[in-house]
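Peer 1: One structure, pasted below without further comment.
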Amino acid sequence: MKTGVVDYKAGNLRSIESALKFLSADYIISDRAEELIGCDKLLFPGVGEAAFAMNQLKRSGLDSMMHEFFRTGKEILGICLGCQIILDHSEEGNTDCLGLVPGRVRRFPAGGLKVPEIGWNNIKKVRDHYILKDVPDNSNVYFVHSYYPDVDRKYMLCETEYMFPFCSLIGYENVTAAQFHPEKSGKVGLQIMKNFLECRE
Amino acid sequence: MLKKRVIVCLDVRDGKTTKGIKFKGNVDIGDPVEMAEKYYLDGVDELVFYDITASAEKRGIMIDVVERVASKIFIPFSVGGGIASVDDMRRVLLAGAEKISVNSQAVRNPSIIEEGASIFGRQCIVLGMDAARDSAMPSGYRVVINGGRVPTELDALAWAKQAEKLGAGEIVLNSIDADGTRDGYELNLTKMISDNVSVPVVASGGAGRPEHLRDVFAKANADAALIASMVHYGDYSVSGIKDFLRSSGIPVRSDF
């Protein structure tokens, strides 16, 4: 099972790669659509600004690869910005996104808690999913974000409380997406990545 | 609910963790990668490495340390010391650090915050700030640089606000007056800064007992607390400190 890591030049892939190495994953990091489309599953990371990231994807043609891969039914795991730009639209740079999963990306309101949310917060299970195998309910994971995914409750795997409950883990068809950073979330995060790597559907 | 973070700080010189002892200079206290791994397994929420290597030609050693840390621990860590340009930032981030911290360099050249934030994102840029009590300043605290030796004309609160505007995603606030005393964090300074910026504030300087962390979280609204000698010499463990905080009603991460 080969995992392709989509490298669209939005953020640093070093920690993702360290975690994949630690888990002895069979992976490639690539910016070439023809190479990625042949992988068995896709890891879609990203850090940075949504409109910039969308431009990068369009320029490189990786946006259509993402749609094509999604249609094959093979598993995709989005992380952080990669969890946001799979939705329809982002308030960050007011940009249309990939639209693989119905939903919108919204900014945390000012005047409440500090923005960005930085640190460890717990994920409360909304429904069961293979990605949560051996992950105890309310586990703490590491977040760094100013925007959050706003999706229908039926696509929520986990929710997290920050000013209000938001969706921290999405499950929609063959897409799973984490607003937090599993690669920086200690043993809980590594378990989530392991579940993704070992899934054979 | 978002947890309060306990962060361990390691000063690294020529690839070794070191600790300054008054009048004696620095003594090496261990291998930073081994120490990082030990704290990771004991539940530390984040780590900070300060490169205090004096000579430029030995700076490459730090990159090697960062790479080895990144391959073994899966929590965020930041690196500071000797970062003077966007290229320095890039090297450290590509080696596997989550964030970079700028201190004196940012005072001399504030645009480094802006440049770093626009290229790598604000979440990567930490402002390290040393503040000393000074009644001549509007906020009562003056920014000092070069490890506290050189006073600047900057007011601590004004500088924190300016750095936030420029794009700093977090502020590590070190009290020069409390640093090394082990008598507790400077609560007034921490509360004033934390209540007046919207980015997280990490309290630093003065920690000697677990009660000090409780107080800086409960009374001074710190988002995280930096510790060093408390755990480096085995007086306390990270997990023990977190047990104490939890029993005092402070939300901390305990599933590690």
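The values are calculated or read from the model by the stated rules, or taken from the named source; none is laboratory data. Everything numeric here is computed off the predicted structure, so don't read it as measured data. Heads up, the Cβs are rebuilt from the backbone with ideal geometry, glycines too, and the neighbour counts pull from every protein chain shown.
Peer 1: Only one of these is crowded, with 17+ Cβ neighbours inside 10 Å, over 18 Å from A:Phe70 (Cβ atoms) and in contact with a Leu (Cβ under 8 Å, 6 or more places away or on another chain): A:Ala33, A:Ala10. Name it.
Peer 2: A:Ala10
Peer 1: Inside region B:208-225, can you point out the residues that are hydrophobic (A, V, I, L, M, F, W, C), outside any helix (DSSP H, G or I) and within 14 Å of chain A (Cβ to nearest Cβ)?
Peer 2: Step one: filter region B:208-225 for residues hydrophobic (A, V, I, L, M, F, W, C), giving B:213, B:216-218, B:220, B:222, B:224-225.
Next, only the ones that are outside any helix (DSSP H, G or I) stay: B:220, B:222, B:224-225.
Within region B:208-225, B:Ala222, B:Ala224, B:Ala225 meet the criteria.
Peer 1: Let me ask something additional. Among the residues of region B:87-122, what is the count of those that are within 15 Å of B:Val172 (Cα to Cα), in a helix (DSSP H, G or I) and in contact (Cβ under 8 Å) with a residue 24 or more places away in the chain?
Peer 2: 5
Peer 1: In addition: So, in region B:135-146, how many residues would count as being under 22 Å from B:Lys191 (Cα atoms) and modelled with pLDDT under 95?
Peer 2: Kept after step one, since they are under 22 Å from B:Lys191 (Cα atoms), are these residues of region B:135-146: B:135-145.
Now drop any that are not modelled with pLDDT under 95, which leaves B:145.
Residues meeting the conditions: 1.
Peer 1: Would you pick out the residues in region A:162-186 that are more than 14 Å from A:Leu77 (Cα to Cα) and in a strand (DSSP E or B)?
Peer 2: A:Tyr162, A:Phe164, A:Pro165, A:Phe166, A:Cys167
Peer 1: Write out, first by first residue and then by second, each pair whose Cβ atoms fall under 9 Å of each other, whose residues are 6+ apart or on separate chains, and whose first residue, in region B:241-256, is within 14 Å of chain A (Cβ to nearest Cβ) and in a loop (DSSP other than H, G, I, E, B) while the second is among the acidic types (Asp, Glu) and surrounded by 15 or more Cβ atoms within 10 Å (Cβ to Cβ).
Peer 2: Listed pairs, sorted by first residue: B:Val252/B:Asp45; B:Val252/B:Asp243; B:Arg253/B:Asp45; B:Ser254/B:Asp243; B:Phe256/B:Asp42; B:Phe256/B:Asp45.
Peer 1: Test B:Asp195 against the criterion of being in a loop (DSSP other than H, G, I, E, B) and of a type outside the set (A, V, I, L, M, F, W, C), and give yes or no.
Peer 2: no
Peer 1: Quick one: what pairs do we get from region B:58-80, first residue at the interface with another protein chain (Cβ under 10 Å from one of its Cβ atoms) and part of a loop (DSSP other than H, G, I, E, B), second acidic (Asp, Glu) and surrounded by fewer than 24 Cβ atoms within 10 Å (Cβ to Cβ), C-beta under 8 Å, 6+ apart or different chains?
Peer 2: From residues that are at the interface with another protein chain (Cβ under 10 Å from one of its Cβ atoms) and part of a loop (DSSP other than H, G, I, E, B), the pairs are B:Lys72/B:Glu37; B:Ile73/B:Glu37.
Peer 1: What strands (runs of 3 or more DSSP E) lie completely within region A:76-161 and have 3 or more residues being more than 10 Å from every other protein chain (Cβ to nearest Cβ) and of a type in the set (A, V, I, L, M)? Show your work before the answer.
Peer 2: Numbers: elements: A:76-79, A:104-107, A:117-125, A:139-145, A:147-150.
Where strands (runs of 3 or more DSSP E) fall fully within region A:76-161 and carry at least 3 residues being more than 10 Å from every other protein chain (Cβ to nearest Cβ) and of a type in the set (A, V, I, L, M), they are A:76-79.
Peer 1: Please state which of the following conditions A:Tyr130 fails to meet, knowing it meets all the rest: (1) among the aromatic types (Phe, Trp, Tyr); (2) closer than 23 Å to A:Glu198 by Cβ; (3) over 13 Å from the mean Cα position of the chain (by Cα); (4) crowded, with 22+ Cβ neighbours inside 10 Å.
Peer 2: (4)
Peer 1: Output yes when any residue across region B:98-106 is among the acidic types (Asp, Glu), surrounded by 22 or more Cβ atoms within 10 Å (Cβ to Cβ) and over 24 Å from B:Thr152 (Cα atoms), and no when none is. Talk me through it step by step, then tell me what you get.
Peer 2: Quick first cut of region B:98-106, residues among the acidic types (Asp, Glu) only: B:98.
Okay, now just the ones that are also surrounded by 22 or more Cβ atoms within 10 Å (Cβ to Cβ), so B:98.
From the residues that got through so far, the ones that are over 24 Å from B:Thr152 (Cα atoms) too are B:98.
Yes, there is a match, as at least one residue in region B:98-106 is among the acidic types (Asp, Glu), surrounded by 22 or more Cβ atoms within 10 Å (Cβ to Cβ) and over 24 Å from B:Thr152 (Cα atoms).
Peer 1: Give me a count of the residues in region A:167-201 that are out of contact with any helix residue (DSSP H, G or I) (no Cβ under 9 Å at 6 or more places or on another chain) and within 21 Å of B:Ser71 (Cβ to Cβ).
Peer 2: Matching residues across region A:167-201 total 2.
Peer 1: Continuing with this model, one more query. When you look at A:Ala10, is it within 14 Å of the chain's Cα centre (by Cα), modelled with pLDDT under 95 and not in a loop (DSSP other than H, G, I, E, B), yes or no? Let's see the steps before the verdict.
Peer 2: Values: within 14 Å of the chain's Cα centre (by Cα): yes; modelled with pLDDT under 95: yes; not in a loop (DSSP other than H, G, I, E, B): no.
So A:Ala10 does not fit the description; no.
Peer 1: Could you tell me which residue of region B:159-217 is nearest to B:Pro110 (Cα to Cα), considering only residues that are surrounded by fewer than 20 Cβ atoms within 10 Å (Cβ to Cβ) and of a type in the set (Ser, Thr, Tyr)?
Peer 2: Across region B:159-217, the extreme among qualifying residues is B:Ser198.
Peer 1: Still on this structure: Go through (1) under 25 Å from B:Glu46 (Cα atoms); (2) surrounded by 23 or more Cβ atoms within 10 Å (Cβ to Cβ) one by one and return the number of the condition A:Phe166 breaks.
Peer 2: For A:Phe166, the exception is condition (2).
Peer 1: So for region B:209-221 (the condition being more than 18 Å from B:Lys3 (Cβ to Cβ), in contact (Cβ under 8 Å) with a residue 12 or more places away in the chain and under 15 Å from the mean Cα position of the chain (by Cα)), does at least one residue qualify?
Peer 2: Checked region B:209-221: no residue is more than 18 Å from B:Lys3 (Cβ to Cβ), in contact (Cβ under 8 Å) with a residue 12 or more places away in the chain and under 15 Å from the mean Cα position of the chain (by Cα).
Peer 1: Separate question: Out of all the residues in region A:168-197, which are more than 10 Å from chain B (Cβ to nearest Cβ) and without any contact (Cβ under 8 Å) to a residue 60 or more places away in the chain? Write out each step before concluding.
Peer 2: Taking region A:168-197 first, the residues more than 10 Å from chain B (Cβ to nearest Cβ) are A:168-180, A:191-192, A:194-197.
Listed by number, the residues that qualify are A:Ser168, A:Leu169, A:Gly171, A:Gln191.
Peer 1: Moving on to the next point. All but one of (1) closer than 26 Å to A:Glu92 by Cα; (2) more than 14 Å from every other protein chain (Cβ to nearest Cβ) hold for A:Ala50; state the number of the condition that does not hold.
Peer 2: Status for A:Ala50: all satisfied but (2).
Peer 1: Please enumerate the residues belonging to region B:1-53 that are acidic (Asp, Glu) and either within 14 Å of another protein chain (Cβ to nearest Cβ) or in contact with a Gly (Cβ under 7 Å, 6 or more places away or on another chain) (or both). Break it down into steps so the answer makes sense when it comes.
Peer 2: In the first step, residues of region B:1-53 are kept if they are acidic (Asp, Glu); the result is B:11, B:14, B:28, B:31, B:34, B:37, B:42, B:45-46, B:51.
Answer for region B:1-53, where residues must be acidic (Asp, Glu) and either within 14 Å of another protein chain (Cβ to nearest Cβ) or in contact with a Gly (Cβ under 7 Å, 6 or more places away or on another chain) (or both): B:Glu37, B:Asp42, B:Asp45, B:Glu46, B:Asp51.
Peer 1: How many residues are assigned to a strand (DSSP E or B) and either within 14 Å of chain A (Cβ to nearest Cβ) or more than 16 Å from the chain's Cα centre (by Cα) (or both) if we restrict to region B:123-152? It would help to see each step written out before you state the result.
Peer 2: Initial filter on region B:123-152 (assigned to a strand (DSSP E or B)): B:125-133, B:141-145, B:150-152.
Then keep just the ones that are either within 14 Å of chain A (Cβ to nearest Cβ) or more than 16 Å from the chain's Cα centre (by Cα) (or both); that gives B:125-127, B:132-133, B:141-142, B:150-152.
Of the residues in that region, 10 qualify.
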